[in-house]
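Below is one structure, written out as structure tokens, with a few remarks after it.
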Amino acid sequence: MKTRTYLLMMLVAIIVPVAGLSILGLSMLLESERESRLRGIQEVANSTTLLIDSEVARAEGALRVAANSREILTEDFEGLYRLLAATRTSPLTWTMVADYSGSGVINTLLPYGAPLAKNTGKWAANIYDGQTSRIGGYFIGASSKRGVVSVNVPVPAAAGRKYVVVQIFDPNYFNKILHRDALKPEWIVGLFDANGISMARNKGAAQFVGKPVRPELWEASRRQPSGMLKNTTRDGVQVYNMFVRSSLTGWTLAIGVPVEEIESAARLVTWYAAAALLAILGGAVSIAVFFARRIDRAFEGATSAAQALARGTVVTVAPSGLQEVDALLHVLHGSGLALARESAARAALEEERERLLAMERSARQRAEAQDHAKDNFISMLSHELRNPLAAITNGIAVGRMPAMPEPNREKAWNIVHRQLAHLTHMVGDLLDVRRVLSGKVTLQTERVNVGELVKFCCDSKRVSNAKEHEWAVSVVDAHVIGDANRLAQIVDNILANAIKYTPDGGKIAVRTCCAGGTIVIEVADTGVGIAPEVLPTIFDSLVQGPTTIDRSQGGLGLGLSIARGLVLMHGGTIDAASDGPGEGSTFTVRLPQDAGDR
């Protein structure tokens, strides 16, 4: 090829990245313009939320004045009714007073003395007992028979009057804010409560108020206090939804701007920038072609050699008949050799460095994990040993006192006996986990009725359980070939775990069933649940759920590890499931059913 062709190729090699970067820049400009407009709408949403908060805060301040007024302290409700009725500013908002049982005392929506709803629930008692203001969500008013929201302020407990002062708003009260000039008529503006129920809307209020908003919008408002979501509204309009959740009320304001409105404005700016960029690139190409034609013949050979060097190949030196060109070719050849050697050396050094770094990271992680496990074990063991040893020491000291009454002495020896049993159980767990993990446990196998064994274990735990739990036990007769004592140990450990992490009043459900030649034992509770990051390692040794600072629940975190080892020795499987903290947990054991049952 001619030198001119090579120069044109170099020009293309320059223009292509520039064009790519230009496209990237235009894309970034489009995104920047879009984000700029969305930020402006987000600021409008913030200011609108502040206006709603100011209305609610003003109402809360007025309610506090009423809650501390002389009329309510002296129970002069007629005078209080006149005061509240005189200060009522809109037919879309009114005030009521309710007693501790939720019964209405006065309501400025109705004439004084009109019958009001009685014993409407524990809401008033909860607000009064909490002694804090509470802003409610959307509900149907007992007197107004329409959807409303409320601001609730309790009378101070020091006043000795158990009343709650409530400001009730018809959601249409907030329409003056949703229709202000800063909000364009084509935007869809809505307000919904913490439960995702639409409270007010500038469009289609009769159709959508009182009904749930789009699930994706409600879920996004629960994850973060403000943000943007691109979705389709209940009207079927695709919008950018800018939402803000108020920290005062818990309500969320959403402004839906049609996607086309944002995109069309951003595209217009981008097209102008693209046209200017094309003009600049066109001029640059014209100048480059002009100079390429002028130097085409003079540097044809040198260009070929330079392109070969750019590709990473060593230039072959061939005499050209021109001293200057030959000298340039010799220099390019030497440079190619040096670059090749340097690249090879750098590649080898980089490979060795990465290998050493990987080895160092792996060794450090193993050492840190071992050190952490050792520290956890020593900490737990010291806590578990300290309490029974202290109780034993004190019990022996009391038992040796010559003047100690016999009942107290007997009680002291009982404490010593109970704590020694606890220490024995702890040491047994340590020995069991070591034997199970090392495979040194010998199973005394026989044909075992799993249903009877599970029921016996449940009955024993219910008798010895100090907590008040609701038990539900459902078993079927099914047999497995295994060690009855070890199978009972598996069930006891899982039941002990459920009892330990289920508070008083919780439910523990145990059932057995058969499925496809497998016996299934399932223990479900409504306890503290298991965090997602703990669930994969819940059966590892020394792993525990959440514990209090005084370790009142105790344990070394070995029970589930022992259970898993024994289940595996019986040819079965065990797994755990939980929806997260506070959602309870379910442990499922699967054992091969005896062929005689099939």
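The values are calculated or read from the model by the stated rules, or taken from the named source; none is laboratory data. Treat the numbers as computed from the prediction; the structure is a model and nothing was measured. Cβ coordinates were reconstructed from backbone atoms using ideal geometry, including for glycine residues, and neighbour counts include every protein chain displayed. Please note that ligands, DNA and RNA were not included when accessible areas were found on the heavy atoms of the full protein model with its side chains. Shrake-Rupley method; radii C 1.70, N 1.55, O 1.52, S 1.80 Å.
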Worksheet entry | Label-zone membership for the stretch 514-538, site residue 597, 7 angstrom Cα→C-beta point, backbone N under 17 Å | 514-523
Worksheet entry | Backbone N within the stretch 154-170 under 19 Å of label point (7 Å from residue 70 Cα along the Cβ vector) | 156, 159-161
Worksheet, complete the sentence: So, over other residues within a Cβ distance under 12 Å of residue 509, counting Lys, Arg +1 and Asp, Glu -1, the net charge is -1
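Starting from the Cα-Cα distance between residue 224 and residue 23, subtract it from 0.36 nm times their residue separation and give me the gain in nm to one decimal. List each step's numbers first, then the result.
Working: separation 201, 0.36 × 201 = 72.36 nm, distance 3.33 nm.
Result: 69.0 nm gained on full extension.
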Practice prompt. Please give the FRET efficiency for residue 327 paired with residue 12, using the beta carbon to beta carbon distance and R0 = 30 Å, rounded to the nearest 0.05.
Written response: 0.55
Worksheet item: In square angstrom, what is the accessible area per residue of the stretch 4-260 with a 1.4 angstrom probe?
Response: 49 Å²
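Between residue 338 and residue 162, what length in nm is gained on full extension when 0.36 nm per residue of separation is reduced by their alpha carbon distance? Present the calculation step by step, with values, prior to reporting the outcome.
Working: separation 176, 0.36 × 176 = 63.36 nm, distance 9.17 nm.
Roughly 54.2 nm would be gained on extension.
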Worksheet entry | Exposure of residue 129 as accessible area (Å², to 10), given a probe of 1.4 Å and all protein chains | 100 Å²
Discussion item. Given R₀ = 51 Å, what would the calculated FRET efficiency be for residue 146 paired with residue 504, taking r from the Cβ atoms and rounding to 0.05?
Written reply: 0.75
Worksheet item: Non-local amide H neighbours of residue 529 (under 5 Å, H modeled in plane, Pro and chain starts lacking H): which ones?
Response: 582, 583, 584, 585
Worksheet item: Expressed as a whole percentage, what fraction of the accessible surface of the stretch 4-260 belongs to carbon and sulfur atoms when a 1.4 Å probe is rolled over the protein heavy atoms?
Response: 57 percent
Response to the item:
Checked against a 25 Å limit on the C-alpha separation, the offending pairs among 162/467; 145/184; 122/500; 455/507; 118/211 are 162/467; 145/184; 122/500; 118/211
Discussion item. Could you order the peptides 190-197, 564-571 from most to least packed, using the average number of other C-beta atoms within 10 Å per residue?
Written reply: 190-197, 564-571
Discussion item. Assuming 0.36 nm per residue, please report the length gained on full extension of the stretch residue 54 to residue 403 beyond their Cα-Cα distance.
Written reply: 118.3 nm
